[in-house]
Amino acid sequence: MRILITGSSGLIGSEAVVWLDAQGYAVLGVDNNMRREFFGPKGDTSWMLTRLHERTRLFTPMPADIRDRSAMLDLFEKWRPDLIIHCAAQPSHDLAEHQPGSLEQDLVLSRANLSLDNLDGQGFLLPTD
Ligand SMILES: NC(=O)c1ccc[n+]([C@@H]2O[C@H](COP(=O)([O-])OP(=O)(O)OC[C@H]3O[C@@H](n4cnc5c(N)ncnc54)[C@H](O)[C@@H]3O)[C@@H](O)[C@H]2O)c1
């Protein structure tokens, strides 16, 4: 089974990567370190990516933006995931209060890009929000 995890360097996504890799699944992780943009240098997830490389055997990271429709469609075509675990997000309620419109738009756009319609109805989408 081929698994795509969005937000693979985040809290939830990274745990899923390590666990699924240990079970022997091929995991593709999409994360563009957007957390750094949301929270500044303290939010940088580069250290987590290094850790994932150390702790996994079959993990493939990809620094794509899930809001980029053509990048996502290209990825689906090449990788054909059976399961998408969608963890990429801006997780702070406080931050969302200050930038409500843009975050909502990002969420809707990302969901549309990850829609299983783009996978010809194959696969399964598991959202975390
Ligand atoms: N942490 C919790 O306790 C918890 C509990 C329940 C639900 N959730 C939900 O799970 C989801 C993930 O939460 P988290 O705590 O792991 O957040 P997190 O900030 O730790 O991880 C999110 C990851 O997504 C990445 N990302 C964000 N926008 C992106 C984009 N456009 N393209 C590619 N990557 C992008 C970030 O760089 C980050 O690494 C959220 O929707 C959150 O609401 C979290």
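The values are calculated or read from the model by the stated rules, or taken from the named source; none is laboratory data. Computed from a predicted structure; not experimentally measured. Note that we place each Cβ from the backbone using ideal geometry, even for glycine, and neighbour counts take in every protein chain shown.
Here are the numbers for the structure shown:
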| read-out | value |
| --- | --- |
| Residue count, region 25-70 (criterion: of a type in the set (Val, Ile, Thr) and touching a helix residue (DSSP H, G or I) at 6+ places or on another chain (Cβ under 6 Å)) | 4 |
| Exclusive hit being touching a Ser or Thr at 6+ places or on another chain (Cβ under 7 Å), at pLDDT 80 or above and either more than 22 Å from Asp21 (Cα to Cα) or within 11 Å of the ligand (Cβ to nearest atom) (or both), set His86, His93 | His86 |
| Cβ-Cβ under 9 Å pairs, at least 6 apart or on other chains, region 112-129 side assigned to a helix (DSSP H, G or I), far side near the ligand (Cβ under 10 Å from one of its atoms) | Asn113/Ile66; Asn113/Arg67; Asn113/Asp68; Asn113/Ala71; Asn113/Met72; Asn118/Met72 |
| Residue within region 68-78 that is at pLDDT 80 or above, among the small types (Gly, Ala, Ser) and under 21 Å from Val17 (Cβ atoms) present | yes |
| Residue within region 76-97 that is in a helix (DSSP H, G or I) and within 15 Å of the chain's Cα centre (by Cα) present | yes |
| Helices (runs of 4 or more DSSP H) contained entirely in region 8-61, each with at least 3 residues that are surrounded by 20 or more Cβ atoms within 10 Å (Cβ to Cβ) | 11-22 |
| Qualifying position, being at pLDDT 90 or above and small (Gly, Ala, Ser), among Ser115, Ser46 | Ser46 |
| Residues being within 22 Å of Glu15 (Cβ to Cβ) and surrounded by fewer than 16 Cβ atoms within 10 Å (Cβ to Cβ) - total across region 80-94 | 3 |
| Qualifying residues in region 16-37 (those that are hydrophobic (A, V, I, L, M, F, W, C) and either in contact with a strand residue (DSSP E or B) (Cβ under 6 Å, 6 or more places away or on another chain) or within 7 Å of the ligand (Cβ to nearest atom) (or both)) - the one nearest to Leu107 (Cα to Cα) | Met34 |
